[in-house]
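For reference, the structure discussed in these notes is given below.
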Amino acid sequence: MNLKPLALSLLLLAPACAQNASKNLAASSISGDTVVAVIGSQKITMAELDKAAGRELFEVRERALDNMINEKVVKVAAQKAGLDEENFIKQQVEKRVPQVSVDEARKFYEENKTRLPPQIGGQPFEQVQDMLVKGLTGQNRQKAVGEVIEEIKSKAGVKVMLSAPKVQVAAEGPSKGPKDAKVTIVEFSDFQCPFCGKGRSVMEEVATKYGNKVRIVFRDFPLSFHDKAQKAAEAGQCANEQGKFWAMHDWMFDNQSALDEASLKAAARKLGADGDKFDQCLTSSKYASVVQKSMKEGGEAGVKGTPAFFVNGVFISGAQPFEKFKTEIDRALAE
């Protein structure tokens, strides 16, 4: 966890495979009509391959571009400071994140010693004190590397024109925000998915930050290995029928370990829904086909896991941080 041995490529958080892929793409210079495969008399061209690769190809280019930008801005900033890149980053991080104190290390030790490996948690604090101070400090500083680089990029006036491919996906379902908002985010989610809980928090942050500039549409994508996700999705639809979707949405994410039918029915009553009407809706699987339609359309749009988001058609996969959405939202608002 010590920062010093890390190579700059690691500090810049750039996967080597993305770098290699981008170099190979640049070196090959294959034109769109170049035939890359033949099946009998049928040909597949590079243009067709690029279209099929779509999002994956963009992500390779995006990572490679981000890495190139990071390297260039850090190099310029380091030269101005009279340092090499690695020592410059190290200096900036150490300014931002001081060394963990002995008291802080002791607190961490006391709160976590039963979960620490025996060679640490099983020893008196005094014997592992230096190790903990060094390790916790290094961990905190590693987390700060990305923040430092983002600040450098901001000061350098970086402007990225590379745009992601857009996917048409229906914005139908429970929503927050005006229908004429300039930015629409369609979210595919699973109430039993812990990562979707994190996605929910980010969407709340988006709603708070952007207000009526953004509309957020919720669509169901219950994963097959989550045994209660399908019924939970149906419960959301049944609640929506009574104008209680977002209350039920929040309750289910707050109570992911209690998504059995009995708990869902009890929750609906607690949230002020007509209990008998909700029970009949849920028991009859009234909205099962609606949930399946949402899954089918999500799959056709490229959703393979949850959470998944489309910001004006631009696909964002997984529980990404707010900054990732901010980039796409700001880009869409500026168009």
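Cβ-Cβ under 6 Å, sequence separation 6+ or interchain: first residue in the range 164-175 and on the phi > 0 side of the Ramachandran plot, partner not β-branched (Val, Ile, Thr). Which pairs?
Sorted first by the residue in the range 164-175, then by its partner, the pairs are GLY173/PHE218; GLY173/ARG219.
When you check ASP227 against the structure, is it assigned to a loop (DSSP other than H, G, I, E, B) and of a type in the set (Asp, Glu), yes or no?
Spelling it out, ASP227 is indeed assigned to a loop (DSSP other than H, G, I, E, B) and of a type in the set (Asp, Glu).
Here is a list: GLU234, GLU328. Which entry is part of a helix (DSSP H, G or I), crowded, with 20+ Cβ neighbours inside 10 Å and modelled with pLDDT under 95? Lay out the reasoning, then the answer.
Working: GLU234 fails: modelled with pLDDT under 95.
None of the others qualify; the one that does is GLU328.
Go through (1) in contact (Cβ under 8 Å) with a residue 12 or more places away in the chain; (2) assigned to a loop (DSSP other than H, G, I, E, B); (3) of a type in the set (Ser, Thr, Tyr) one by one and return the number of the condition THR114 breaks.
All conditions are met except number (1).
Of the residues in the range 278-291, how many are out of contact with any Cys (no Cβ under 8 Å at 6 or more places or on another chain), in a helix (DSSP H, G or I) and either under 18 Å from HIS249 (Cα atoms) or small (Gly, Ala, Ser) (or both)?
Here is the first cut: in the range 278-291, the residues out of contact with any Cys (no Cβ under 8 Å at 6 or more places or on another chain) are 279-280, 283-285, 288-291.
Among the residues that remain, those that are also in a helix (DSSP H, G or I) are: 279-280, 283, 288-291.
Okay, now just the ones that are also either under 18 Å from HIS249 (Cα atoms) or small (Gly, Ala, Ser) (or both), so 279, 288-291.
Qualifying residue count for the region: 5.
Looking at the range 272-285 only, could you name the residues that are surrounded by fewer than 17 Cβ atoms within 10 Å (Cβ to Cβ) and either touching a helix residue (DSSP H, G or I) at 6+ places or on another chain (Cβ under 7 Å) or under 23 Å from ALA332 (Cα atoms) (or both)?
Selection gives GLY275, SER285.
If I filter the range 45-54 down to residues being surrounded by 14 or more Cβ atoms within 10 Å (Cβ to Cβ) and among the charged types (D, E, K, R), which single residue comes out as modelled with the highest pLDDT?
GLU48
Among the residues that make up the range 178-195, is at least one of them in a loop (DSSP other than H, G, I, E, B), polar (S, T, N, Q) and on the phi < 0 side of the Ramachandran plot?
Scanning the range 178-195, I find at least one residue that is in a loop (DSSP other than H, G, I, E, B), polar (S, T, N, Q) and on the phi < 0 side of the Ramachandran plot, so the answer is yes.
When the residues of the range 256-277 are filtered to those that are small (Gly, Ala, Ser) and in a helix (DSSP H, G or I), which remaining residue is farthest from the chain's Cα centre (by Cα)?
GLY275
On the given criteria, is VAL76 in contact (Cβ under 8 Å) with a residue 60 or more places away in the chain, in a helix (DSSP H, G or I), on the phi < 0 side of the Ramachandran plot and surrounded by fewer than 16 Cβ atoms within 10 Å (Cβ to Cβ)? If you could, list the steps in order and put the result at the bottom.
Details: in contact (Cβ under 8 Å) with a residue 60 or more places away in the chain: yes; in a helix (DSSP H, G or I): yes; on the phi < 0 side of the Ramachandran plot: yes; surrounded by fewer than 16 Cβ atoms within 10 Å (Cβ to Cβ): yes.
Here the answer is yes, as VAL76 does meet what is asked.
For VAL290, state whether it is β-branched (Val, Ile, Thr) and at pLDDT below 95.
no
Taking the conditions exactly as written (at pLDDT 95 or above, under 29 Å from ILE316 (Cα atoms), surrounded by 15 or more Cβ atoms within 10 Å (Cβ to Cβ) and among the hydrophobic types (A, V, I, L, M, F, W, C)), does VAL60 satisfy them or not?
In short, no.
Can you find even one residue in the range 302-324 that is surrounded by fewer than 19 Cβ atoms within 10 Å (Cβ to Cβ), farther than 19 Å from ARG55 by Cα, free of Cβ contacts under 8 Å to residues at least 60 places away in the same chain and charged (D, E, K, R)?
No, the conditions are met nowhere in the range 302-324.
The values are calculated or read from the model by the stated rules, or taken from the named source; none is laboratory data. Please read these numbers as outputs of a predicted model, since none were measured by experiment. Heads up, the Cβs are rebuilt from the backbone with ideal geometry, glycines too, and the neighbour counts pull from every protein chain shown.
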